[in-house]
Amino acid sequence: MQPDDRFVRQPKEFWANIRTVSQRVGYTVRPKRQSGVKCLTGPIKVPFPSEIRAAYESLNLTTAHLFHDGLKPTDLGLRVIEYFQFRADLLNDVVEPLLMNAEQARKLYERLLQKSKRRTAVPMNKQSGSMKNPAYLTGIVNLLIDANLGDLPCNYDPQTLTTITRNREPFRTLSRRVDGAFPGPMDPLAVWEIKEYYYTTTFGSRVADGVYETLLDGMELEELDRELKKGARQGDPQRSIQNLLIVDAHFTWWIKGRSYLCRLIDMLHMGYVDEVLFGREVVDRLPVIVRKWVKEYLRRT
(Lines give C-alpha, C1' and ligand atoms only; values in the text may rest on other atoms or scores of the structure.)
Protein backbone atom coordinates (compact mmCIF):
# COMPACT_ATOMS: atom_id res chain seq x y z
CA MET A 1 0.00 0.00 0.00
CA GLN A 2 1.57 3.26 -1.14
CA PRO A 3 0.57 6.65 0.28
CA ASP A 4 -1.93 8.87 -1.50
CA ASP A 5 -0.15 12.00 -2.77
CA ARG A 6 -2.97 14.24 -1.51
CA PHE A 7 -2.03 13.58 2.10
CA VAL A 8 1.73 13.02 2.01
CA ARG A 9 3.07 16.53 2.61
CA GLN A 10 0.62 17.71 5.24
CA PRO A 11 2.03 19.76 8.14
CA LYS A 12 2.29 18.33 11.63
CA GLU A 13 -0.74 20.41 12.67
CA PHE A 14 -2.88 18.44 10.24
CA TRP A 15 -1.92 15.17 11.93
CA ALA A 16 -2.45 16.70 15.37
CA ASN A 17 -6.09 17.27 14.37
CA ILE A 18 -6.44 13.78 12.87
CA ARG A 19 -5.14 12.16 16.05
CA THR A 20 -7.19 14.36 18.38
CA VAL A 21 -10.44 13.69 16.53
CA SER A 22 -9.74 9.97 16.20
CA GLN A 23 -9.00 9.62 19.89
CA ARG A 24 -12.04 11.56 21.04
CA VAL A 25 -14.68 10.49 18.50
CA GLY A 26 -13.38 6.96 18.02
CA TYR A 27 -11.84 5.01 15.18
CA THR A 28 -14.77 2.71 14.45
CA VAL A 29 -18.54 2.81 14.21
CA ARG A 30 -20.19 1.36 17.30
CA PRO A 31 -23.03 -0.94 16.17
CA LYS A 32 -26.31 -0.91 18.04
CA ARG A 33 -26.52 -3.55 20.75
CA GLN A 34 -29.00 -6.36 20.19
CA SER A 35 -30.27 -8.61 22.94
CA GLY A 36 -28.42 -11.91 22.96
CA VAL A 37 -26.02 -10.85 20.19
CA LYS A 38 -22.34 -10.19 20.91
CA CYS A 39 -21.52 -6.60 19.98
CA LEU A 40 -18.65 -6.54 17.48
CA THR A 41 -16.75 -3.47 16.35
CA GLY A 42 -18.20 -1.80 13.28
CA PRO A 43 -16.40 -0.42 10.22
CA ILE A 44 -13.84 2.38 10.28
CA LYS A 45 -15.57 5.62 11.19
CA VAL A 46 -15.87 8.89 9.26
CA PRO A 47 -16.66 11.57 11.89
CA PHE A 48 -19.46 14.04 11.21
CA PRO A 49 -18.60 17.75 11.50
CA SER A 50 -20.99 17.99 14.45
CA GLU A 51 -19.10 15.17 16.21
CA ILE A 52 -15.79 16.93 15.64
CA ARG A 53 -17.11 20.18 17.07
CA ALA A 54 -18.60 18.41 20.09
CA ALA A 55 -15.32 16.57 20.68
CA TYR A 56 -13.29 19.78 20.60
CA GLU A 57 -15.74 21.57 22.87
CA SER A 58 -15.46 18.74 25.38
CA LEU A 59 -11.68 19.34 25.36
CA ASN A 60 -12.12 23.11 25.64
CA LEU A 61 -10.58 23.53 22.16
CA THR A 62 -11.66 25.80 19.33
CA THR A 63 -12.84 24.56 15.95
CA ALA A 64 -12.46 27.95 14.23
CA HIS A 65 -9.54 26.56 12.20
CA LEU A 66 -11.77 23.71 10.94
CA PHE A 67 -15.23 25.25 10.53
CA HIS A 68 -16.84 28.59 9.80
CA ASP A 69 -20.18 29.41 11.39
CA GLY A 70 -22.78 26.81 10.57
CA LEU A 71 -20.20 24.00 10.36
CA LYS A 72 -19.06 25.03 6.88
CA PRO A 73 -15.52 23.58 6.63
CA THR A 74 -12.46 25.76 6.18
CA ASP A 75 -9.76 24.60 3.75
CA LEU A 76 -8.11 22.69 6.58
CA GLY A 77 -11.45 21.28 7.67
CA LEU A 78 -12.11 20.01 4.15
CA ARG A 79 -8.73 18.24 4.07
CA VAL A 80 -9.36 16.68 7.48
CA ILE A 81 -12.80 15.37 6.47
CA GLU A 82 -11.46 14.17 3.11
CA TYR A 83 -8.71 12.23 4.84
CA PHE A 84 -11.10 10.55 7.26
CA GLN A 85 -13.23 9.42 4.30
CA PHE A 86 -10.16 8.21 2.42
CA ARG A 87 -8.82 6.29 5.43
CA ALA A 88 -12.15 4.61 6.07
CA ASP A 89 -12.67 3.60 2.43
CA LEU A 90 -9.12 2.27 2.14
CA LEU A 91 -9.33 0.12 5.26
CA ASN A 92 -12.94 -1.03 4.89
CA ASP A 93 -12.85 -1.83 1.17
CA VAL A 94 -9.21 -2.59 0.30
CA VAL A 95 -7.17 -3.61 3.34
CA GLU A 96 -9.65 -5.86 5.13
CA PRO A 97 -9.99 -8.34 2.21
CA LEU A 98 -6.17 -8.58 1.95
CA LEU A 99 -5.69 -9.85 5.51
CA MET A 100 -5.32 -13.62 5.89
CA ASN A 101 -5.88 -16.11 8.68
CA ALA A 102 -3.33 -18.80 9.59
CA GLU A 103 -4.74 -21.42 7.22
CA GLN A 104 -4.77 -19.05 4.25
CA ALA A 105 -1.22 -17.94 5.03
CA ARG A 106 -0.08 -21.57 5.32
CA LYS A 107 -1.49 -22.46 1.90
CA LEU A 108 0.15 -19.42 0.28
CA TYR A 109 3.47 -20.17 1.95
CA GLU A 110 3.44 -23.82 0.86
CA ARG A 111 2.50 -22.89 -2.70
CA LEU A 112 5.41 -20.47 -2.96
CA LEU A 113 7.74 -22.98 -1.30
CA GLN A 114 6.91 -25.63 -3.93
CA LYS A 115 7.69 -23.17 -6.74
CA SER A 116 10.92 -21.89 -5.19
CA LYS A 117 14.17 -22.98 -6.86
CA ARG A 118 16.18 -22.07 -3.77
CA ARG A 119 15.54 -22.29 -0.06
CA THR A 120 15.83 -19.34 2.29
CA ALA A 121 15.83 -19.79 6.04
CA VAL A 122 12.35 -19.53 7.56
CA PRO A 123 12.13 -19.18 11.35
CA MET A 124 9.46 -20.84 13.45
CA ASN A 125 6.85 -18.72 15.16
CA LYS A 126 6.95 -18.16 18.91
CA GLN A 127 3.94 -20.33 19.68
CA SER A 128 4.00 -23.77 21.30
CA GLY A 129 2.24 -27.07 20.85
CA SER A 130 -0.04 -27.45 17.84
CA MET A 131 0.32 -23.75 16.99
CA LYS A 132 4.11 -23.97 16.58
CA ASN A 133 4.63 -23.66 12.82
CA PRO A 134 6.85 -21.83 10.37
CA ALA A 135 6.43 -18.06 10.52
CA TYR A 136 4.27 -18.05 7.43
CA LEU A 137 4.38 -14.36 6.54
CA THR A 138 8.14 -14.22 7.08
CA GLY A 139 8.51 -17.27 4.87
CA ILE A 140 6.33 -15.73 2.17
CA VAL A 141 8.35 -12.52 2.25
CA ASN A 142 11.69 -14.36 2.17
CA LEU A 143 10.64 -16.56 -0.75
CA LEU A 144 9.33 -13.64 -2.80
CA ILE A 145 12.46 -11.58 -2.21
CA ASP A 146 14.73 -14.53 -2.99
CA ALA A 147 12.85 -15.26 -6.23
CA ASN A 148 13.37 -11.71 -7.52
CA LEU A 149 16.90 -10.88 -6.33
CA GLY A 150 18.80 -13.28 -8.52
CA ASP A 151 22.25 -13.83 -7.03
CA LEU A 152 22.44 -10.54 -5.12
CA PRO A 153 23.11 -10.64 -1.37
CA CYS A 154 20.37 -10.10 1.20
CA ASN A 155 20.22 -10.42 4.97
CA TYR A 156 16.88 -11.98 5.97
CA ASP A 157 17.61 -11.87 9.69
CA PRO A 158 20.14 -9.20 10.72
CA GLN A 159 21.48 -9.75 14.20
CA THR A 160 23.01 -6.29 14.35
CA LEU A 161 21.87 -2.68 14.29
CA THR A 162 21.42 -0.88 11.00
CA THR A 163 24.28 1.55 10.36
CA ILE A 164 24.66 4.27 7.75
CA THR A 165 28.24 5.35 7.11
CA ARG A 166 30.07 8.42 5.82
CA ASN A 167 33.69 8.08 4.67
CA ARG A 168 33.85 4.62 6.29
CA GLU A 169 32.76 6.08 9.64
CA PRO A 170 29.40 5.52 11.38
CA PHE A 171 27.08 8.37 10.41
CA ARG A 172 23.81 7.09 11.91
CA THR A 173 22.97 3.84 13.70
CA LEU A 174 19.32 2.97 14.26
CA SER A 175 18.09 1.96 17.72
CA ARG A 176 16.56 -1.37 16.75
CA ARG A 177 17.44 -4.49 14.83
CA VAL A 178 15.21 -4.79 11.78
CA ASP A 179 13.71 -8.03 10.44
CA GLY A 180 15.45 -7.78 7.07
CA ALA A 181 17.86 -5.58 5.14
CA PHE A 182 19.00 -5.41 1.52
CA PRO A 183 21.78 -5.97 0.78
CA GLY A 184 22.61 -5.96 4.51
CA PRO A 185 22.38 -3.88 7.70
CA MET A 186 25.45 -1.79 6.75
CA ASP A 187 24.37 0.99 4.36
CA PRO A 188 21.20 -0.79 3.21
CA LEU A 189 19.03 0.24 0.29
CA ALA A 190 15.97 -1.07 2.12
CA VAL A 191 14.92 -2.41 5.51
CA TRP A 192 11.69 -4.11 6.51
CA GLU A 193 9.71 -5.13 9.54
CA ILE A 194 7.26 -8.07 9.60
CA LYS A 195 4.34 -8.22 12.03
CA GLU A 196 2.40 -11.50 11.82
CA TYR A 197 0.05 -12.49 14.62
CA TYR A 198 -1.94 -15.45 13.31
CA TYR A 199 -2.40 -17.18 16.66
CA THR A 200 -2.90 -14.12 18.84
CA THR A 201 -6.35 -14.12 20.48
CA THR A 202 -6.20 -10.64 21.98
CA PHE A 203 -4.73 -7.32 20.91
CA GLY A 204 -2.01 -7.18 23.52
CA SER A 205 0.88 -4.89 24.28
CA ARG A 206 3.21 -6.88 22.02
CA VAL A 207 1.14 -5.94 18.98
CA ALA A 208 0.90 -2.30 20.02
CA ASP A 209 4.65 -2.24 20.63
CA GLY A 210 5.16 -3.38 17.05
CA VAL A 211 3.40 -0.26 15.80
CA TYR A 212 5.50 2.00 17.99
CA GLU A 213 8.70 0.24 16.92
CA THR A 214 7.92 1.12 13.32
CA LEU A 215 7.25 4.70 14.36
CA LEU A 216 10.65 4.88 16.07
CA ASP A 217 12.43 3.54 12.98
CA GLY A 218 10.57 6.03 10.81
CA MET A 219 11.42 9.00 13.01
CA GLU A 220 15.12 8.09 12.99
CA LEU A 221 15.12 7.73 9.20
CA GLU A 222 13.26 11.05 8.91
CA GLU A 223 16.02 12.70 10.93
CA LEU A 224 18.59 11.11 8.61
CA ASP A 225 16.79 12.53 5.57
CA ARG A 226 16.70 16.00 7.12
CA GLU A 227 20.44 15.86 7.73
CA LEU A 228 21.15 14.77 4.17
CA LYS A 229 19.00 17.57 2.76
CA LYS A 230 20.99 20.24 4.60
CA GLY A 231 23.68 19.99 1.98
CA ALA A 232 25.55 17.17 0.34
CA ARG A 233 28.99 16.44 1.72
CA GLN A 234 31.70 14.21 0.43
CA GLY A 235 30.98 10.60 1.35
CA ASP A 236 27.31 11.19 2.20
CA PRO A 237 24.89 8.28 1.64
CA GLN A 238 23.42 8.52 -1.87
CA ARG A 239 19.76 8.30 -0.87
CA SER A 240 17.49 7.57 2.04
CA ILE A 241 16.65 4.00 3.02
CA GLN A 242 13.37 2.50 1.90
CA ASN A 243 11.41 1.49 5.00
CA LEU A 244 8.76 -1.22 4.60
CA LEU A 245 6.23 -2.57 7.07
CA ILE A 246 4.57 -5.92 6.32
CA VAL A 247 1.64 -7.04 8.49
CA ASP A 248 -0.96 -9.80 8.57
CA ALA A 249 -3.55 -11.69 10.64
CA HIS A 250 -7.18 -10.87 10.00
CA PHE A 251 -8.42 -11.51 13.53
CA THR A 252 -5.68 -9.56 15.28
CA TRP A 253 -5.55 -6.50 13.04
CA TRP A 254 -9.15 -6.29 11.85
CA ILE A 255 -11.35 -7.80 14.54
CA LYS A 256 -9.30 -6.61 17.52
CA GLY A 257 -7.01 -3.83 16.33
CA ARG A 258 -8.69 -1.59 13.77
CA SER A 259 -7.63 1.55 15.60
CA TYR A 260 -4.02 0.51 15.05
CA LEU A 261 -4.68 -0.07 11.36
CA CYS A 262 -5.79 3.56 11.26
CA ARG A 263 -2.51 4.55 12.90
CA LEU A 264 -0.56 2.55 10.32
CA ILE A 265 -2.28 4.46 7.51
CA ASP A 266 -1.53 7.71 9.36
CA MET A 267 2.16 6.79 9.74
CA LEU A 268 2.31 5.89 6.04
CA HIS A 269 1.12 9.35 5.06
CA MET A 270 3.23 11.09 7.66
CA GLY A 271 6.27 9.61 5.91
CA TYR A 272 7.43 7.35 8.74
CA VAL A 273 7.16 4.27 6.51
CA ASP A 274 7.40 4.18 2.71
CA GLU A 275 4.94 1.35 2.14
CA VAL A 276 2.74 -0.88 4.28
CA LEU A 277 2.01 -4.27 2.74
CA PHE A 278 -1.09 -6.03 4.06
CA GLY A 279 -1.38 -9.81 3.91
CA ARG A 280 -1.65 -11.25 0.42
CA GLU A 281 -0.76 -7.87 -1.08
CA VAL A 282 2.89 -9.00 -0.87
CA VAL A 283 2.38 -11.47 -3.73
CA ASP A 284 1.87 -8.74 -6.33
CA ARG A 285 3.64 -5.78 -4.79
CA LEU A 286 6.82 -7.17 -3.27
CA PRO A 287 8.32 -8.47 -6.55
CA VAL A 288 7.89 -5.00 -8.07
CA ILE A 289 9.67 -3.43 -5.09
CA VAL A 290 12.51 -5.95 -5.16
CA ARG A 291 13.16 -5.46 -8.87
CA LYS A 292 13.62 -1.75 -8.17
CA TRP A 293 16.17 -2.66 -5.47
CA VAL A 294 18.07 -4.72 -8.02
CA LYS A 295 18.21 -1.86 -10.52
CA GLU A 296 19.47 0.57 -7.88
CA TYR A 297 22.02 -1.91 -6.55
CA LEU A 298 23.40 -2.54 -10.04
CA ARG A 299 23.45 1.18 -10.78
CA ARG A 300 25.61 1.81 -7.74
CA THR A 301 28.01 -1.01 -8.43
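The values are calculated or read from the model by the stated rules, or taken from the named source; none is laboratory data. Values in this document were obtained by computation on a predicted structure and should not be read as measured data. Methodologically, a virtual Cβ is constructed for each residue, glycine included, from the backbone with ideal geometry; neighbour enumeration extends over all protein chains shown. Accessible surface areas use protein heavy atoms only, side chains included; no ligands, DNA or RNA. Shrake-Rupley method; radii C 1.70, N 1.55, O 1.52, S 1.80 Å.
Highest GNM mean-square fluctuation among Leu78, Leu264, Leu224, for the chain modelled with Cα contacts below 10 Å: Leu78. Using the Stokes-Einstein relation with a Kirkwood hydrodynamic radius computed over Cα pairs, the translational diffusion coefficient of region 207-301 at 10 °C and a viscosity of 1.306 mPa s comes to 105 µm²/s. Each principal axis of the Cα atoms in region 1-139 has its own extent, and those three values, largest first, are 64, 46, 24 angstrom. A dipole drawn for the chain from +1 and -1 charges on Cβ atoms has a positive end, and of Gln114, Thr252, Leu268 the residue lying farthest that way is Gln114. Under the convention that each Lys and Arg Cβ holds +1 and each Asp and Glu Cβ holds -1, the size of the dipole of region 118-180 around its Cα centre is about 200 debye.
Here the 3J(HN,Hα) profile of region 3-9, calculated from phi with Karplus coefficients 6.51, -1.76 and 1.60 at θ = phi - 60°, is x, 7, 4, 4, 10, 6, 9 Hz, Gly and Pro shown as x.
Bridging of Lys115 to lysines at a Cα separation below 16 Å is possible for Lys107, once same-chain residues fewer than 8 apart are set aside.
If you place +1 on the Cβ of every Lys and Arg and -1 on the Cβ of every Asp and Glu, how big does the dipole about the Cα centre of region 61-102 come out, in debye to the nearest 20? Walk me through the numbers before you get to the answer.
Working: 3 positive and 6 negative charges, 24 e Å.
So the dipole magnitude of region 61-102 works out to roughly 120 debye.
Length, then width, then depth: along the principal axes, the Cα atoms of region 52-205 run 65, 49, 29 Å. Taking every Cα-Cα distance in region 48-109 and sorting them into 10 Å bins from zero, the calculated P(r) comes out as 19, 33, 20, 14, 12, 2 percent. Accessible surface for region 1-144, divided over its residues, is 61 Å² per residue with a 1.4 Å probe.
Taking amide hydrogens as placed 1.01 Å from N in the peptide plane, the amide H of Thr28 sits under 5 Å from those of Lys45, each at least 5 positions away in sequence or on another chain. Helix-only arithmetic for the chain: the sum of -39500 (n - 2.57) across DSSP H runs with n ≥ 4, divided by the residue total, places the mean residue ellipticity at 222 nm at -13500 deg cm²/dmol. Residues whose amide H comes within less than 5 Å of that of Thr74, counting only those at least five positions distant or on another chain, are Phe67, His68 (H built at 1.01 Å from N in the peptide plane).
Considering only Lys12, Lys126, Lys230, the Gaussian network model of the chain with Cα springs below 10 Å gives its largest mean-square fluctuation to Lys230. Within the straight-line cut-off of under 15 Å between alpha carbons, the aspartates and glutamates reachable from Lys72 are Glu51, Glu82, sequence neighbours fewer than 8 places apart in one chain being disregarded. I want to verify a result. In a Gaussian network model of the chain, Cα cutoff 10 Å, which of these has the top mean-square fluctuation: Ala105, Ala64, Ala249? Result: Ala64 has the largest fluctuation of those listed.
Nearest-5 percent of antiparallel DSSP beta bridges in the chain? Intermediate values should be presented prior to the final figure.
On the way: 12 of 24 bridges.
Counting DSSP beta bridges with both partners in the chain, the antiparallel share is about 50 percent.
With the biggest extent put first, the Cα atoms of the chain measure 62, 56, 28 Å across the principal axes. Toward the positive end of the charge dipole of the chain, with +1 on the Cβ of Lys and Arg and -1 on the Cβ of Asp and Glu, the farthest Cα among Ser128, Thr138, Val283 is that of Ser128.
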